Amino acid sequence: MPFVNEILKYKSLAIVGLEKNTGKTECLNYVLKNIHDKQKKLAVTSIGVDGETVDAVTFTKKPEIIVYEGMLFVTSKKHFKEKQLTANILDILNISTPLGRLVIAEAVDTGKIRLSGPSITTDTVRVIERLNSLGTELTIVDGALSRLSLSSPTVTDAMILATGAALSANIPTLVRQTKFVVDLINLPLTKPEIREKLADISGVCAVTDDNEIKDLGINSVFTMNKEHDDVFKYGYTIYSAGAVNDKFLKMLKIQKHVAETTLIVNDFTKIFAEPETYYSFLRKGGKIEVVHKTKLLALTLNPWAPNGYSINSEEARNQLFNATQIPVYDVKE
């Protein structure tokens, strides 16, 4: 997988699965195996729990996570005690999980671990910052089920997206669902002069043609009433610091000036809209831009589903690449 060399250009990487059993742990192990000797100080952590030998939902066998000598890792106190390697404790963080406080340790030899990390992104940011202070040059964060917020550009610089038959055993459906997420990840950045002004803005505001920020007195799109005219009193560029739902996007797409409308969001993880609504808004001329953008390095495909069903790997990879123009790799190969 040539994207391994690309990983080394970034300070942090998220590996995120679109569904359980899409092969993100296989991908994580592949990455760790191939970069641990690249003269970089590496660390690995997780959001949620990972590294279990048997899936808690499907009861299928799962790959364990292997860390290498000199690598830092972050896990809960409980799972630190269960590690199958020798490690030196570097810090015990004031971040608690249901499995105990988080432990930062350095592997003395190579062995297997279970990862359990913070369940919210702000704590993940704190973990990465602490690892950086300990000299880490690259932190890899293993994502839990559908935790796309982990791959927010405010958390990690780059990401790998894992998809597969567990998401859908129908290749066209698999491609369609994956492409939607890829399209969100690849939303364009808004202008630099606007990004700077929106850095500390909360709620919903307007951006004028002169790039001035105008407060609309709206805390979020969820608190808006049925009167929408005030939203556009300063122009047709709207910024939402928080989540944007399907209802708000539907409201935008039915406006007579939809072709002049630009919606700016903090990053792609803030959009909670149905694909039909999202693409309809764009087809009508609407634009969506982001303040922060992550780099999608690759897609990985697991052609096997937990129920034993498999899809044609080559066909799925070709269709995914044609739809996204992102390199696609079979983790089982």
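The values are calculated or read from the model by the stated rules, or taken from the named source; none is laboratory data. Everything quoted here is computed from the prediction, not taken from an experiment. Glycine gets a Cβ as well: all are built from the backbone with ideal geometry, and neighbour counts include every protein chain shown.
For the subset of segment 7-22 comprising residues that are among the charged types (D, E, K, R) and at pLDDT 90 or above, which member is nearest to LEU299 (Cα to Cα)? Selected residue: LYS9. When the helices (runs of 4 or more DSSP H) confined to segment 244-333 are screened for residues that are among the hydrophobic types (A, V, I, L, M, F, W, C), over 22 Å from the mean Cα position of the chain (by Cα) and farther than 19 Å from LEU18 by Cα, those reaching at least 2 such residues are found at 246-253, 275-283.
Would you confirm whether any residue within segment 306-328 is surrounded by fewer than 21 Cβ atoms within 10 Å (Cβ to Cβ), among the hydroxyl-bearing types (Ser, Thr, Tyr) and free of Cβ contacts under 8 Å to residues at least 40 places away in the same chain? Yes, segment 306-328 has at least one match. Scanning segment 203-230 for residues that are in a loop (DSSP other than H, G, I, E, B) and surrounded by 11 or more Cβ atoms within 10 Å (Cβ to Cβ) turns up GLY203, THR208, ASN211, GLU212, ASN219, SER220, MET224, HIS228. Here LEU150 fulfils each of the conditions (1) touching a Gly at 6+ places or on another chain (Cβ under 9 Å); (2) at pLDDT below 95; (3) assigned to a strand (DSSP E or B); (4) not β-branched (Val, Ile, Thr) apart from (3). At least 3 residues being within 17 Å of the chain's Cα centre (by Cα) and of a type outside the set (S, T, N, Q) is the threshold, and among the strands (runs of 3 or more DSSP E) wholly inside segment 83-144 those reaching it are 138-142. Just one of the listed residues (VAL231, VAL265, VAL291, VAL204) is of a type in the set (Val, Ile, Thr) and touching a Lys or Arg at 6+ places or on another chain (Cβ under 7 Å), and it is VAL291.
Here is a yes/no grid of residues against (1) surrounded by fewer than 20 Cβ atoms within 10 Å (Cβ to Cβ); (2) of a type in the set (Lys, Arg); (3) closer than 30 Å to MET159 by Cβ; (4) touching a Pro at 6+ places or on another chain (Cβ under 9 Å):
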position	(1), (2), (3), (4)
GLU193	yes, no, yes, no
PHE232	yes, no, no, no
PHE248	no, no, yes, no
THR262	yes, no, yes, no
ASP267	no, no, yes, yes
GLU276	yes, no, yes, no
ARG283	yes, yes, yes, no
VAL291	no, no, yes, yes
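When VAL108, VAL103, VAL155, VAL125 are screened for being closer than 30 Å to GLU276 by Cα and in contact (Cβ under 8 Å) with a residue 24 or more places away in the chain, only VAL155 passes.
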